[in-house]
Amino acid sequence: MKKELIIGVSLIVLSLISCGKNESGNKGTIKLETSETKVVDNNGTMDTLTSGSSTSIVNGNKTETKSSIYKAVDGTLVKVIFTETSKESTLAITSNKKTFTLPKIKSDAKETIYQKDDMKATVKGDSLILDQDNNIIQLVKTKI
């Protein structure tokens with residue numbers, strides 16, 4: 001029994017050591033990483049999402065949801081969920097177990113702007129620029 005326990009613990013320790021990340025190299029390259037984010041919806045239920053999209057119809061109202069993972073320059077991963085209904089469009093940003101939901105205020109062929117209070121998000125192609133109290137964070141969509 002002791003032998004099996006020591007072997008099991010040794011295998012776990014070896015696998016953890018061998019799976020260490022090496023962040024050296026070209027910093028301009030976006031590395032492919034998988035991220036799973038848990039989001040609590042309005043009903044208090046836990047929802048685990050990865051990148052993807054879905055369409056649902058509830059009481060005759062169509063809701064389209066697209067989720068993506070964005071990466072900041074410092075390597076921080078952020079979950080972004082775009083929700084489109086017949087009444088409104090929103091952007092939900094989840095990072096560090098906090099979610100900020102911003103309504104769409106403007107959209108044209110080049111960019112879409114979401115804003116609530118002092119937080120503003122500008123989406124241009126695969127980039128997302130967050131501006132809060134003149135603190136600007138640039139994010140780029142990862143391909144998961």
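Nothing in this text is a laboratory measurement; each read-out follows from the coordinates by a stated rule. Computed from a predicted model, the values in this text were never measured in an experiment. Here Cβ is always computed from backbone atoms with ideal geometry, including for glycine, and neighbour counts include all displayed protein chains.
Can you tell me how much longer the chain between N134 and A109 gets when fully stretched, taken as 0.36 nm per residue apart minus their C-alpha distance, in nm with one decimal? Each step should come with its number before you reach the end.
Numbers: separation 25, 0.36 × 25 = 9.00 nm, distance 2.52 nm.
The span from N134 to A109 would gain 6.5 nm if fully extended.
Under a plain spin-label model, where a point goes 7 Å from the Cα along Cα-to-Cβ, how far apart in nm are K98 and K116?
Here the modelled spin labels are 1.3 nm apart.
Could you give each residue of the range 60-74 its phi-based ³J(HN,Hα) in whole Hz, using Karplus coefficients 6.51, -1.76, 1.60 with θ = phi - 60°, and x for Gly or Pro?
x, 9, 8, 10, 10, 10, 10, 10, 9, 9, 10, 10, 7, 4, 7
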